[in-house]
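Colleague: Questions regarding the structure given below will be posed in turn.
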Amino acid sequence: MRWALLLTLLLAGGAVYAEPVIEEWTVVEKDSEGNDVEVTYMTIDGVMVHETDPAKQPQPPIVTPGTESTQEQAGAAPSDAIVLFDGSDVGAWTDTEGGEPRWIVEDGAMLPLKDAGYVKSRQEFGSCQLHVEWATPTRVEGDGQGRGNSGVFLMGEYEVQILDSYENTTYPDGQAGALYGRAKPLVNASRKPGEWQSFDIIFHRPIFNDAGEVVRKATFTVLHNGVLIHDHVALSGGTWWNGPHAVQPYKPHGDKGPILLQDHGNPVRFRNIWVRELED
Ligand code: MG
């Protein structure tokens, strides 16, 4: 049913999200003292408001929350998350060719060796919630895009920029938290170099039609160190470099892709990486 609806909307080229169907009616009932009272009933997508029958309104699944990280100690993932790195090993990752990554684990963090290249997650994801923590080098070297540059890519395509943006000015659509070349963060919530920082990313994948045209753009909601920096932003296209003043357009791809961590020549460290898959 849902897929039929989705297909219809895709063929129509319109929005994917359907408005909820709300119905409302009033009946006369007896109260506990036998008096007539009017009671209004309302359903949203066929489910009564304040329904208690679990056959009609199932209880949400129970998830044990994770623990918060501190600067000294990485937190833990919630119980239903897929853990991509918990400080022990890089087994969830390969190099971009699918081989063993030249990234190492040091003090509970993963980081690239020199010229290691990107790593990608073995498991692929579409729409998801991604938590990742990162720290740029304590010893500050370079400036602009050359200082603590890395990045986390959704579906192997869409980069949320990692950069040491603490007292380090660069083009706003390339600073820490930018959707690279597409959208600057609402604010600069950067911590000092060497300190652990976090991204919490709510990502909905783009949807393409058979002609390879995007019929629903990807969306990003991102918190940087707990501060909202993208509020359900529709990504206008791809984020790959296309010369100094352009980025590449969308190009069609499948429903899932890997999480990619960038090696941009700076030893940026990562810890506590986990994903929760979302419905589109
Ligand atoms: Mg980058």
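Throughout, read-outs are computed from the coordinates displayed, never taken from laboratory work. Keep in mind it's a predicted model, so treat the numbers as computed, not measured. Every residue, glycine among them, receives a Cβ derived from its backbone with ideal geometry; neighbour counts consider all protein chains shown.
Colleague: From the list 60, 78, 54, which residue is in a loop (DSSP other than H, G, I, E, B), in contact (Cβ under 8 Å) with a residue 60 or more places away in the chain and on the phi < 0 side of the Ramachandran plot?
Modeller: Going through 60, 78, 54 in turn, just one is in a loop (DSSP other than H, G, I, E, B), in contact (Cβ under 8 Å) with a residue 60 or more places away in the chain and on the phi < 0 side of the Ramachandran plot: 78.
Colleague: Looking at the structure I just gave you, is residue 144 surrounded by fewer than 21 Cβ atoms within 10 Å (Cβ to Cβ), within 13 Å of the ligand (Cβ to nearest atom) and more than 18 Å from residue 232 (Cα to Cα)?
Modeller: Judged against the criteria, residue 144 is a match.
Colleague: Looking at 231, 263, which is the one that is within 30 Å of residue 70 (Cβ to Cβ), acidic (Asp, Glu), touching a Ser or Thr at 6+ places or on another chain (Cβ under 8 Å) and surrounded by fewer than 20 Cβ atoms within 10 Å (Cβ to Cβ)?
Modeller: 231
Colleague: Only one of these is buried (at least 20 other Cβ atoms within 10 Å of the Cβ) and closer than 19 Å to residue 134 by Cα: 271, 205, 276. Name it.
Modeller: 271
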